[in-house]
Amino acid sequence: MAEILDTGKVWLRGRPGTAFAIKVDDKVFVPGSEENQTLDYWVNDECLCVDAHDLNQNIRVARKFPLDLPPTHPATLFNGFNKTKHADVKVILNEDPGILERVFEGAEYEKMGVAAMARKEFWELAGI
């Protein structure tokens, strides 16, 4: 069974700044989190599942990253990785083909009451 081994920041070639990343087994995933979002992530059914929530902007996103996706974007492990040596790697981004995503924002966010939902309830509503 796959498991989350480490987290930290990566520098993506050709992009400014660093991005939060999650290492699952031997692959590194960039979940696409924004500065004010809270992230909840776990492995389930051969996928990395991510619940990204920004209470201030009324946006909550469910993302599912199949673990068999190939990493294709060059990156460098930057900081925060405590169990992984600094290295150049290839990563999987949240915008890659094969990533499933459901976004709740604005009126739908309010109407569905996703702000107060527990992770399991939100994930079931997202249906991905």
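Taken together, the values in this text are just the output of simple stated rules run on the coordinates, not laboratory data. As the structure is a prediction and not an experimental result, all values here were calculated from the model. We place every Cβ from the backbone using ideal geometry, glycine too, and count neighbours over all the protein chains shown.
I need the peptides 68-79, 109-120 ranked by packing, meaning the mean over residues of other C-beta atoms within 10 angstrom, with the highest value on top.
Highest to lowest by the protection proxy: 68-79, 109-120.
Just to confirm the filter: which trypsin sites (Lys or Arg not before Pro) across the range 1-95 are DSSP coil and have at most 13 other Cβ within 10 angstrom of their Cβ?
Passing sites in the range 1-95 are Arg13, Lys83, Lys85.
Treating the range 4-126 as a set of equal point scatterers at the Cα positions, no solvent, please give the Debye-formula log₁₀ I(q)/I(0) at q = 0.15, 0.17 Å⁻¹.
-0.68, -0.85
Suppose the chain between Glu35 and Asn58 were pulled fully straight at 0.36 nm per residue; how much longer would it get relative to their current alpha carbon spacing?
This chain segment gains 6.9 nm when fully extended.
Calculate, for Thr76 and Ala115, the FRET efficiency according to 1/(1 + (r/R0)^6) with r their C-beta to C-beta distance and R0 30 Å; round to the nearest 0.05.
Taking R0 as 30 Å, the efficiency between Thr76 and Ala115 is 0.25.
By count of other Cβ within 10 Å, fewest leading, how are Val10, Val43 ordered?
The order, fewest Cβ neighbours first, is Val43, Val10.
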